[in-house]
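Taking it in order: structure first as structure tokens, then the write-up.
The values are calculated or read from the model by the stated rules, or taken from the named source; none is laboratory data. These numbers come from a predicted model, not from an experiment. Please note: Cβ atoms are built from the backbone with ideal geometry, for glycine as well, and neighbour counts cover all protein chains shown.
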Amino acid sequence: MQIEQVTDGELSILEVIWERGTPTSRDIADAIYEQVSDSKVASVQKLLERLEAKGCIVRDRSERAHQFRALVSREDFLQHRLRELADRLCDGALTPLVTTLLRSKGISRKNREQLRQLIHELWPPEK
């Protein structure tokens, strides 16, 4: 699936939808802003329209307050963005990207164990 570029504002909307499942525009505005006004709800609605046009979300119009659902998962979105980054900065190679990320941040013991498990699942030791 080709995922169009999204702005930071659109991404903040997607994050709320990923967390909440099928929120209304008011739910999203409440999650993003401390103080919600009509203009902020209108801004959220405009961003929702853009995300809908890009094929990232779908609108359920069956109720008075429309609900929104993501058509792209967080994992698919992240995979697409990281692949683009690797293509643009590392000639498509993932190793420099992953190595830099791992070295730049302290990684907890739990995260290291999860990475080891993932590597073992994806590439089991040869016998």
Task: Among (1) at pLDDT 90 or above; (2) loosely packed, with under 12 Cβ neighbours inside 10 Å; (3) within 25 Å of Gln2 (Cβ to Cβ), the one test that Leu101 misses - done: (1)
Task: Residue within the stretch 51-69 that is touching a Gly at 6+ places or on another chain (Cβ under 7 Å), modelled with pLDDT of 95 or more and in a helix (DSSP H, G or I) present - done: no
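Criterion first (surrounded by 11 or more Cβ atoms within 10 Å (Cβ to Cβ), of a type in the set (Val, Ile, Thr), in a helix (DSSP H, G or I) and in the same structural domain as Arg61 (by TED's automatic domain parsing)) does Val16 satisfy it?
Details: surrounded by 11 or more Cβ atoms within 10 Å (Cβ to Cβ): yes; of a type in the set (Val, Ile, Thr): yes; in a helix (DSSP H, G or I): yes; in the same structural domain as Arg61 (by TED's automatic domain parsing): yes.
Here the answer is yes, as Val16 does meet what is asked.
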Open item on the list: As an exercise: evaluate Gly55 against (1) within 13 Å of the chain's Cα centre (by Cα); (2) loosely packed, with under 15 Cβ neighbours inside 10 Å and give the number of the one condition it does not meet.
Closed with: (1)
Open item on the list: Name the residue that is surrounded by the fewest Cβ atoms within 10 Å (Cβ to Cβ), counting only residues in the stretch 34-52 that are in contact with a helix residue (DSSP H, G or I) (Cβ under 8 Å, 6 or more places away or on another chain) and either assigned by TED's automatic domain parsing to the domain that holds Leu101 or of a type in the set (A, V, I, L, M, F, W, C) (or both).
Closed with: Val36
Task: In the stretch 104-118, the residues that are farther than 17 Å from Gln79 by Cα and either in a helix (DSSP H, G or I) or modelled with pLDDT of 90 or more (or both) - done: Ser104, Arg109, Lys110, Asn111, Arg112, Glu113, Gln114, Arg116, Gln117
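Select, from Arg69, Arg64, Arg74, the only residue that is exposed (fewer than 15 other Cβ atoms within 10 Å of the Cβ) and touching a helix residue (DSSP H, G or I) at 6+ places or on another chain (Cβ under 6 Å).
Values: Arg69 fails: touching a helix residue (DSSP H, G or I) at 6+ places or on another chain (Cβ under 6 Å); Arg64 fails: touching a helix residue (DSSP H, G or I) at 6+ places or on another chain (Cβ under 6 Å).
Residue meeting the stated conditions: Arg74.
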Open item on the list: Considering only residues that are without any contact (Cβ under 8 Å) to a residue 24 or more places away in the chain and crowded, with 17+ Cβ neighbours inside 10 Å, which ones fall in the stretch 19-29?
Closed with: Asp27, Ala29
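Just to be sure, is Leu118 exposed (fewer than 11 other Cβ atoms within 10 Å of the Cβ) and within 22 Å of the chain's Cα centre (by Cα)? Show your work before the answer.
On the way: exposed (fewer than 11 other Cβ atoms within 10 Å of the Cβ): yes; within 22 Å of the chain's Cα centre (by Cα): yes.
Spelling it out, Leu118 is indeed exposed (fewer than 11 other Cβ atoms within 10 Å of the Cβ) and within 22 Å of the chain's Cα centre (by Cα).
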